[in-house]
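Novice: Handing you a structure now.
The values are calculated or read from the model by the stated rules, or taken from the named source; none is laboratory data. These numbers come from a predicted model, not from an experiment. All Cβ positions, even for glycine, are placed from backbone atoms using ideal geometry, and neighbour counts span all protein chains on display.
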Amino acid sequence: MSTIREIAEKTGIDRNEATKLLDMLYEKGWVKVFQSGNAEGIARWGLTDKGRKILPPSTPDGYESIGGSEAQEVALSAREFYLSMGWFFALARQGPGMSRKVDCVAYDYDGKKAVAVEVESSDHVLRDHVEQVRKHMMEISPFDEVHFWAHQAAAERIMELRSSLGPEDQARVKVFAVGGQSG
């Protein structure tokens with residue numbers, strides 16, 4: 001639960017604008033007032049069950065659309081990383097006819113960067129689809145960067161693929177190993 005002042009401070013949104021946004025979310029049933037006012041008359045806002053459903057999934061089965069149990073575990077690690085940084089994070093829409101299908105998306109509010117997040121299983125990188133991984137490194141648009149997430153051995157292979165890119169492209173491709181960042 002947060003006050004409007006706390007929400008405004010955390011997000012950098014003007015207090016009046018934060019109030020308007022909370023009112024809109026309240027009308028949709030995504031937030032509610034949990035405490036109508038304390039001694040200072042400050043209300044505390046929080047998410048409703050309906051509001052929690054719009055957040056990125058917090059369990060592995062919420063990521064089954066992007067792969068098996070390994071990919072789901074890696075996706076949860078990515079989710080925790082981006083949310084801990086204060087970034088937006090969500091599963092990406094995988095509609096037919098879309099020119100660029102990514103697993104997840106992230107947005108860095110401070111750096112104003114849109115990030116494609118690719119979650120890779122070890123089999124996908126080490127055995128099955130190396131060329132697809134390389135292709136995703138080359139087709140970053142419309143995103144500013146692409147971040148690859150995988151277990152250590154697969155992340156090392158992705159780093160090898162990344163090293164074959166030119167310096168400008170390498171700067172836009174980041175690789176994270178579950179348990180640490182590879183580069």
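Novice: Examine region 167-177 for a residue that is touching a residue at least 24 places away in the same chain (Cβ under 8 Å) and either more than 21 Å from L76 (Cα to Cα) or outside the structural domain of R79 (by TED's automatic domain parsing) (or both), and state whether such a residue exists. Full working, then the answer.
Specialist: Initially, region 167-177 is screened for residues touching a residue at least 24 places away in the same chain (Cβ under 8 Å), giving 169, 172-177.
Now narrow it down to the ones that are either more than 21 Å from L76 (Cα to Cα) or outside the structural domain of R79 (by TED's automatic domain parsing) (or both): 169, 172.
Taking every residue of region 167-177 in turn, at least one turns out to be touching a residue at least 24 places away in the same chain (Cβ under 8 Å) and either more than 21 Å from L76 (Cα to Cα) or outside the structural domain of R79 (by TED's automatic domain parsing) (or both).
Novice: Tell me the residue from I13, I4, I54 that is at pLDDT below 70, within 16 Å of the chain's Cα centre (by Cα) and of a type in the set (A, V, I, L, M), please.
Specialist: On the way: I13 fails: within 16 Å of the chain's Cα centre (by Cα); I4 fails: within 16 Å of the chain's Cα centre (by Cα).
Just a single option satisfies the conditions, and that option is I54.
Novice: Consider region 71-124. How many of its residues are among the basic types (K, R) and in a strand (DSSP E or B)? Spell out the reasoning first.
Specialist: Initial filter on region 71-124 (among the basic types (K, R)): 79, 93, 100-101, 112-113.
Imposing the further condition that a residue be in a strand (DSSP E or B) reduces the set to 113.
Total satisfying the criteria: 1.
Novice: Can you spot a residue in region 149-157 that is on the phi < 0 side of the Ramachandran plot, in a helix (DSSP H, G or I) and crowded, with 22+ Cβ neighbours inside 10 Å? Break it down stepwise before answering.
Specialist: Our first condition is that a residue be on the phi < 0 side of the Ramachandran plot; within region 149-157, this holds for 149-157.
Then drop every residue that is not in a helix (DSSP H, G or I), which leaves 152-157.
After this cut, where a residue has to be crowded, with 22+ Cβ neighbours inside 10 Å as well, the list is 154-155.
Yes - at least one qualifying residue is present in region 149-157.
Novice: Could you please give the count of residues in region 91-124 that are closer than 19 Å to Q152 by Cβ and either surrounded by fewer than 19 Cβ atoms within 10 Å (Cβ to Cβ) or modelled with pLDDT under 80 (or both)?
Specialist: Total satisfying the criteria: 3.
Novice: Report whether or not F143 is in a strand (DSSP E or B) and either surrounded by fewer than 17 Cβ atoms within 10 Å (Cβ to Cβ) or assigned by TED's automatic domain parsing to the domain that holds W87 (or both).
Specialist: No, not satisfied.
Residue-wise test of (1) closer than 25 Å to A90 by Cβ; (2) modelled with pLDDT of 90 or more.
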position	(1), (2)
S141	yes, no
E145	yes, yes
A150	yes, yes
A155	yes, yes
Q170	no, yes
G180	yes, no
